[in-house]
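This report refers to the structure that appears directly beneath it.
Just so you know, all these numbers are worked out from the coordinates, no wet-lab data involved. Please read all numbers here as calculations on a predicted model, not as lab measurements. So basically every Cβ, Gly included, is an ideal-geometry build from the backbone, and we count neighbours across all protein chains shown.
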Amino acid sequence: MLLEVDEVNPNSCRELAVKSCEGRLGSGPDTTLSRAKVAFDVKSSTICLTLDLPEMLSTAAGGLWYENDAECGAAPDIPTLVDCVRENVEAEVDATVANVKPRAALLLANVGLGDEFPGIPLPPTVDVVVSATAAGSGVLVDPSTINVPVGSALRITGNPNLSCGGGGSNGRLMITVGTQELQIKEPWGPSEVAIFGPFTAAATIAYAIDFKDQACDDTASGDVNVTP
C-alpha cells in the first residue's frame, strides 16, 4: 500500500482499474453492460408483445408512432425494433458522455475499450510510433521534439521492431508526459496505445520514454511543444 501511495509502483493499481473497466464496460457476455443490454431487450420485448408490432408502428391513436422513425420504422419484428431503439438510446447516452466528460474517450482508449464506444469520439491526435534503431537492437530512435496543436492529444504506440527476443510478451514502454504516466506492453501495434491530453493551452511539456525488454534497457526524452 505504501508503494501505491508513494507512486513508486502504481502499476498494480492501474491493472486493477483496467480489469474493473473491462468487467463493467467490455463486450464480453458477462460484463455489467452486456447484461444490462440483455435485460433491456427482454423487458422491452415482453412489454411490447402486449401491443404487437402494428400497434407499435402505428401513428393512429394508441400507437407508438415508430413508423415515423427514420432508422427503426422499417423493423420487421419486435426484437429488431427493440434492438434498434436500444442502439438509438446508446447513441444518445454516448453523445451526452462525450459532451459532459470530454476526456472519457481518452480514458476508454487507454484501457483498450475505445473501439467499443465509437459514439464517444477521440479529439484529433498526433501519432508517434516509438521504434528501435534496428530490430532487436534495444536502442530507441530519438523522437526529438513532438509538436502537438492546441486542442489535440498525443497518441503513442510501439513498433514491433522493439522486441528484444525471448518471447513476445515481456517488453514495456513507460511513458511520462508532464505529470501523467502511462504504460504500454507487448505485443506492439495499434491496439496497445497510450493517449495524453488533449492539450488546451500552448506550453512546453517534458516527456520521457523508458523501454525495457529482457536485457534491453533504454530511455528517450525531450519536449512536447504544444502550439497555438
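Can you give me the Rg/Rh ratio for the range 59-102, using Cα atoms for both radii and the Kirkwood formula for Rh?
Result for the range 59-102 is an Rg/Rh of 1.12.
Projected onto the charge dipole of the range 125-227 (+1 at Lys/Arg Cβ, -1 at Asp/Glu Cβ, origin at the Cα centre), which of VAL177, GLY138, GLY222 gives the Cα projection farthest towards the positive end?
The one lying farthest along the dipole's positive direction is VAL177.
Explain nothing, just compute: Karplus ³J(HN,Hα) = 6.51 cos²θ - 1.76 cosθ + 1.60, θ = phi - 60°, for every residue of the range 190-196 in order, whole Hz, x for Gly and Pro.
x, 7, 10, 9, 10, 10, 10
So, R0 is 30 Å and r is the distance between the beta-carbons of LYS212 and ASP30; what FRET efficiency does that work out to, to 0.05?
It comes to 0.30.
In the chain, which Cys residues have no partner Cys with a Cβ closer than 4.7 Å?
That list is CYS13, CYS21, CYS48.
Multiplying the sequence separation of LYS37 and LEU64 by 0.36 nm and subtracting their Cα-Cα distance, what value in nm do you get?
That pair, LYS37 and LEU64, stretches by 7.6 nm at full extension.
Given the -39500 (n - 2.57) contribution per DSSP H run of 4+ residues, what per-residue ellipticity at 222 nm results for the chain, rounded to the nearest 500 deg cm²/dmol?
About -9500 deg cm²/dmol.
Taking the square root of 5 times each eigenvalue of the Cα gyration tensor, what semi-axes in Å does the equivalent ellipsoid of the chain have, largest first?
Square roots of five times the eigenvalues give 45, 20, 16 Å.
If you build the convex hull over the alpha carbons only and average its shadow over all orientations, what do you get for the range 129-228? Give it in nm² to one decimal.
Computing the convex hull of the Cα atoms and averaging its projections yields 5.6 nm².
Could you give the alpha-carbon Rg of the range 170-224 over 2.2 N^0.38 Å, rounded to two decimals?
So the range 170-224 has a normalised radius of gyration of 1.22.
For the charge dipole of the chain, defined by +1 on Lys and Arg C-beta atoms and -1 on Asp and Glu C-beta atoms about the Cα centroid, which residue among LEU106, THR80, TRP65 has the Cα displaced farthest towards the positive pole?
LEU106
Once you place label points 7 Å from the Cα toward the Cβ at ARG103 and ASP115, how far apart are they in nm?
2.6 nm
Place a +1 charge on the Cβ of each Lys and Arg in the chain and a -1 charge on the Cβ of each Asp and Glu, then give the dipole magnitude about the Cα centre in debye, rounded to the nearest 20.
Using only the charged Cβ atoms, the result is roughly 380 debye.
More than 13 Å apart: what percent of Cα pairs in the range 26-97 qualify?
Pairs farther apart than 13 Å: 68 percent.
Residue by residue, what Karplus-based ³J(HN,Hα) values in Hz, rounded to whole numbers, does the range 56-63 have, using 6.51, -1.76 and 1.60 with θ = phi - 60° and x for Gly and Pro?
5, 7, 4, 9, 7, 4, x, x
With contacts defined as alpha carbon pairs under 8 Å and 6 or more residues apart, what's the relative contact order of the range 2-116 in percent?
Worked out over the range 2-116, it gives 18 percent.
To make sure I understand the rule: partners must be aspartates and glutamates, Cα under 15 Å from the Cα of LYS212, and not fewer than 8 residues away in the same chain. Which ones qualify?
By straight Cα distance, LYS212 reaches GLU186.
List the residues whose amide H sits under 5 Å from the amide H of ARG103, counting only those 5 or more places along or on another chain, with H placed 1.01 Å from N in the peptide plane.
For ARG103, whose amide H was placed from the backbone, there are no distant partners under 5 Å.
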